[in-house]
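The values are calculated or read from the model by the stated rules, or taken from the named source; none is laboratory data. Quantities reported herein were computed from a predicted structural model and do not represent experimental measurements. All Cβ positions, glycine included, derive from the backbone under ideal geometry; neighbour counts span all protein chains shown. Ligands, DNA and RNA are excluded from the accessible area calculation, which covers all protein heavy atoms including side chains. Shrake-Rupley method; radii C 1.70, N 1.55, O 1.52, S 1.80 Å.
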Amino acid sequence: MALKREALHSAAVSIALPKNELRDKRLSYLKEYSCKPPPLFFLFISILQIGVFVAEVNTLSEDGVSVGPEGPVYVQSMFILDPTKKHELWRFVTYMFVHSGYFHITVNIFIQLLLGLPLEMVHRWWRMLFIYISGVLFGSLVGSLTDPMTYLAGASGGVYSLITAHLANVTMNWSEMEFPGIRLLIFLVIAGVDIGVAIFYRYVGIQTKVSYSAHIAGAFVGLFLGIITLRLNPAKKDWRRIPRSIVLFRKSWRCTLGWAS
């Protein structure tokens with residue numbers, strides 16, 4: 001059975017990739033896709049987020065509050081980043097499990113599965129966990145600085161880190177990827193739609209307390225860590241630039257922690 005699968009794979013590769021100098025480069029990236037270990041991190045996170053959302057919707061329903069596409073959010077949640085309870089440090093990460101309405105959670109989970117699963121298959125769960133949680137944490141710290149009295153809920157900091165990590169992945173492995181232009185177009189469409197929705201909410205009269213600074217912080221972390229931590233293709237590794245980038249990121253992280261304190 002394994003030999004048959006290998007033969008089918010070779011045949012598919014022969015059809016899809018012409019025999020030229022780009023074939024070996026593109027195969028070297030395709031071989032990085034693997035289900036060993038299985039890509040369970042983003043599935044697990046998504047299931048937890050859905051579970052928390054359903055439980056909090058039920059709690060609000062028992063209090064006579066109906067939750068629609070735009071919320072409301074359950075502000076008494078033990079997970080939400082409450083500006084009056086910042087001494088409960090877990091909230092700077094666990095706010096990613098709380099969402100304001102069906103639209104909020106649907107968009108976040110759709111994007112993190114669409115972009116997160118392929119990245120996890122290539123770069124493995126521990127790298128993606130590092131980028132995702134860093135985006136969430138950095139987003140909450142920056143959000144607390146720019147909007148100190150605003151509740152923070154949602155995984156948008158982590159989702160934005162995935163969007164820009166995807167951008168870093170495409171640009172670093174452009175020549176090795178099949179259809180890199182399509183991958184880049186997917187990134188631009190997703191980012192454009194989200195930015196368009198943010199502008200619509202902010203300027204068309206719909207009142208919202210979304211912390212856009214948390215989104216921007218997550219995007220910065222995803223791009224920066226995507227460049228320095230995502231495994232580069234073996235054909236183009238250049239690890240000499242990584243230590244300098246790590247030092248720069250550590251300095252910016254210390255500055256942020258200093259402001260937050």
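Per-residue SASA remark: residue 115, around 10 Å² accessible (1.4 Å probe; ligands, DNA and RNA not included). Full extension of the chain segment joining residue 44 with residue 193 gains 51.1 nm, where the gain is 0.36 nm per residue of separation less the Cα-Cα distance.
Fully extending the segment from residue 174 to residue 59 would add 36.6 nm, taking 0.36 nm per residue of separation and subtracting the current Cα-Cα distance. Using heavy atoms of the protein chains and a probe of 1.4 Å, the accessible area assigned to residue 87 is about 140 Å². Exposure check, 1.4 Å probe, all protein chains in place: residue 145 carries approximately 70 Å² of accessible surface.
For the residues 82, 147, a 1.4 Å probe over the protein chains yields an accessible-area ranking, largest first, of 147, 82. Karplus-derived 3J(HN,Hα) values for the stretch 45-60, using 6.51 cos²θ - 1.76 cosθ + 1.60 with θ = phi - 60°, are 4, 5, 5, 4, 5, 5, x, 5, 4, 4, 4, 6, 4, 5, 4, 5 Hz; glycine and proline are entered as x. Rounded, prolate or oblate: pick one for the stretch 26-156, where a ≥ b ≥ c are the square roots of the eigenvalues of its C-alpha gyration tensor, a/c under 1.5 means rounded, and failing that, prolate if a/b is larger than b/c, else oblate. Here the stretch 26-156 falls in the prolate category.
For the set 127, 91, the ranking by accessible area, highest first and with no ligand, DNA or RNA atoms included, is 127, 91 under a 1.4 Å probe. Checking every one of the chymotrypsin sites (Phe, Trp or Tyr not before Pro) in the stretch 80-136 against DSSP loop status and a limit of 12 other Cβ atoms within 10 Å picks out 90. Going 7 Å from the Cα of residue 66 along its beta-carbon direction, which residues of the stretch 85-108 have the amide nitrogen within less than 17 Å of the resulting point? Only 101-103 pass the distance filter.
Within the accessible area of the stretch 91-199, the carbon and sulfur atoms contribute 81%, probe 1.4 Å, all protein chains present.
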